[in-house]
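Have a look at the structure below, then the notes.
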Amino acid sequence: MSKQKLISANDFCVSHDIEISFISALQESGLVKIEMIEETAFIPVYQLRQLEKIVRLYYDLDINLEGIETINHLLNRVVDMQEEITVLKNRLRLFEADNV
Amino acid sequence: MDFVDYYKILGIEKTAAPKDIRNAYRKLARMYHPDLNPNDKGAISKFQQINEANEVLSDPEKRKKYDEYGKDWQHAEAFEQQKQEREQQQSSNASGANFSDSQNGGDFSDFFESMFGRSAGRGRQTKYRGEDYNAEIHLDLLDAYETHTQTLSINQKNIRITIPAGIENGQTIKITGHGGSGINGGPNGDLFITFLIATHPRFKRLGDNVYTTVELDLYKAVLGGEIAIDTLSGKVKLKIMPETQNGSKVKLRGKGFPVYKSKGQFGDLYVTYSIKIPMNLTEKQKELFTELSKMQS
């Protein structure tokens with residue numbers, strides 16, 4: 001059985017000086033996944049990067065949750081497209097040389 | 001070290017109110033924030049300038065000092081020192097800006113650090129996890145062909161990493177926990193390494209398959225025979241079929257690139273024949289070719 005590393009949502013909120021309701025709102029909008037264990041909310045560690053990014057967008061840049069959802073969607077597309085560009089660049093290298 | 005015009009960076013007048021500064025910063029930060037511009041070094045650099053400008057102009061004390069000395073910022077410390085001397089009527093031992101002992105000033109320009117000190121540039125700290133680091137490793141095609149280890153020096157720490165055979169050009173791998181140190185006991189950031197693989201003069205790679213061109217002399221192409229060719233794993237003998245055409249291809253199964261993280265699996269090697277027409281023919285050879293030509297017609 002694989003073990004999942006979790007961090008208490010409450011600890012996260014205390015260290016970032018944010019309201020726990022913010023995490024609940026993110027869960028409702030599907031931006032982060034929360035694990036409930038004995039009525040305590042936990043955040044899987046693999047989501048920490050995403051969550052901290054959302055916190056920065058929301059608190060530092062004043063972007064609301066709807067905006068963050070849109071940005072998140074577009075950023076995923078950017079990442080997919082960057083990967084596609086890398087694949088295409090590698091393919092192009094095949095045809096750039098004269099001797100092949 | 002050049003003077004940095006923070007007002008120009010934020011696109012505001014020198015008389016701008018704190019609210020205007022905040023709005024200008026927010027607007028530009030939304031355009032250039034690294035979270036919104038993944039893998040864009042230009043945006044990161046621009047964001048650092050915007051952040052620095054905001055750090056100075058949104059702090060009344062720093063803004064006052066910046067406005068007061070302006071382009072004479074290089075003499076700011078001397079002016080400050082004289083002022084303190086006059087005020088305290090003491091001999092000169094006023095401390096200058098401290099820019100020698102903090103290691104956290106990497107995000108600010110030399111101009112900022114000389115004016116305010118390295119430790120001055122830390123505003124609201126919301127980060128819990130350490131910073132992620134990005135690095136690039138340049139490999140040649142033959143390096144990427146075999147699993148090997150490399151030692152990287154990140155922040156004066158040596159990290160030994162194993163690079164699996166078959167890594168792709170532009171591929172990024174994550175080394176968990178080798179980024180910046182966490183704040184307040186938080187976890188460290190991660191290290192992201194992007195591999196840049198140089199092109200090889202003879203072998204071209206597309207995914208797991210490798211392509212190469214081999215010159216074949218006319219006689220062997222016409223009559224058939226055997227040649228030895230180079231592959232990434234050494235020389236192999238190839239049987240040439242009679243009447244081989246220029247540009248024809250053969251596939252050598254399993255002689256291509258190793259499949260990433262799939263031990264023992266390899267792509268294929270595609271060999272294209274380029275038939276070399278003989279040059280500087282002797283009279284006798286010309287005669288024979290003429291004869292052949294007549295036979296053909």
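Give B:66, B:6 a once-over and let me know the one that is aromatic (Phe, Trp, Tyr), modelled with pLDDT of 85 or more, over 30 Å from residue A:71 (Cβ atoms) and surrounded by 12 or more Cβ atoms within 10 Å (Cβ to Cβ). Please lay out each step first, then the result.
Numbers: B:6 fails: over 30 Å from residue A:71 (Cβ atoms).
Of B:66, B:6, the one residue that is aromatic (Phe, Trp, Tyr), modelled with pLDDT of 85 or more, over 30 Å from residue A:71 (Cβ atoms) and surrounded by 12 or more Cβ atoms within 10 Å (Cβ to Cβ) is B:66.
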Checking B:177, B:170 in turn, the sole residue that is under 21 Å from residue A:83 (Cα atoms), free of Cβ contacts under 8 Å to residues at least 40 places away in the same chain and within 14 Å of chain A (Cβ to nearest Cβ) turns out to be B:170
Across (1) within 11 Å of chain A (Cβ to nearest Cβ); (2) assigned to a loop (DSSP other than H, G, I, E, B), residue B:205 clears everything bar (2)
Scanning region A:1-46 for residues that are under 27 Å from residue B:174 (Cβ atoms), of a type outside the set (Phe, Trp, Tyr) and in a helix (DSSP H, G or I) gives A:9, A:11, A:13, A:15, A:16, A:23, A:26, A:27, A:45
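Checking the structure you have, find out if any residue of region B:261-268 is closer than 16 Å to residue B:227 by Cα, more than 14 Å from chain A (Cβ to nearest Cβ) and modelled with pLDDT of 95 or more.
Of region B:261-268, the ones closer than 16 Å to residue B:227 by Cα are none.
So far as region B:261-268 goes, no, none of its residues is closer than 16 Å to residue B:227 by Cα, more than 14 Å from chain A (Cβ to nearest Cβ) and modelled with pLDDT of 95 or more.
Residue A:100: at pLDDT below 90, of a type in the set (A, V, I, L, M), assigned to a loop (DSSP other than H, G, I, E, B) and in contact with a helix residue (DSSP H, G or I) (Cβ under 7 Å, 6 or more places away or on another chain), yes or no?
On the way: at pLDDT below 90: yes; of a type in the set (A, V, I, L, M): yes; assigned to a loop (DSSP other than H, G, I, E, B): yes; in contact with a helix residue (DSSP H, G or I) (Cβ under 7 Å, 6 or more places away or on another chain): yes.
Here the answer is yes, as residue A:100 does meet what is asked.
Only one of these is at pLDDT below 90, closer than 30 Å to residue B:22 by Cβ and more than 7 Å from chain B (Cβ to nearest Cβ): A:14, A:87, A:45. Name it.
None of the other options fit; the residue is A:14.
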request  = Say whether the condition of being buried (at least 16 other Cβ atoms within 10 Å of the Cβ) and either closer than 30 Å to residue B:250 by Cα or within 13 Å of chain B (Cβ to nearest Cβ) (or both) is met by at least one residue in region A:19-29.
outcome  = yes
In region B:17-54, residues that are in contact with a Phe, Trp or Tyr (Cβ under 7 Å, 6 or more places away or on another chain) and either of a type outside the set (A, V, I, L, M, F, W, C) or surrounded by fewer than 16 Cβ atoms within 10 Å (Cβ to Cβ) (or both) total 6
Conditions (1) crowded, with 18+ Cβ neighbours inside 10 Å; (2) within 24 Å of residue B:133 (Cα to Cα) -> residue A:46 fails only (1)
Going through region B:14-67 in order, the residues found to be touching a Lys or Arg at 6+ places or on another chain (Cβ under 9 Å) and of a type in the set (A, V, I, L, M) are B:21, B:28, B:31, B:36, B:53, B:56, B:57
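The values are calculated or read from the model by the stated rules, or taken from the named source; none is laboratory data. Because the structure is predicted, anything quoted here is derived from the model rather than measured. We place every Cβ from the backbone using ideal geometry, glycine too, and count neighbours over all the protein chains shown.
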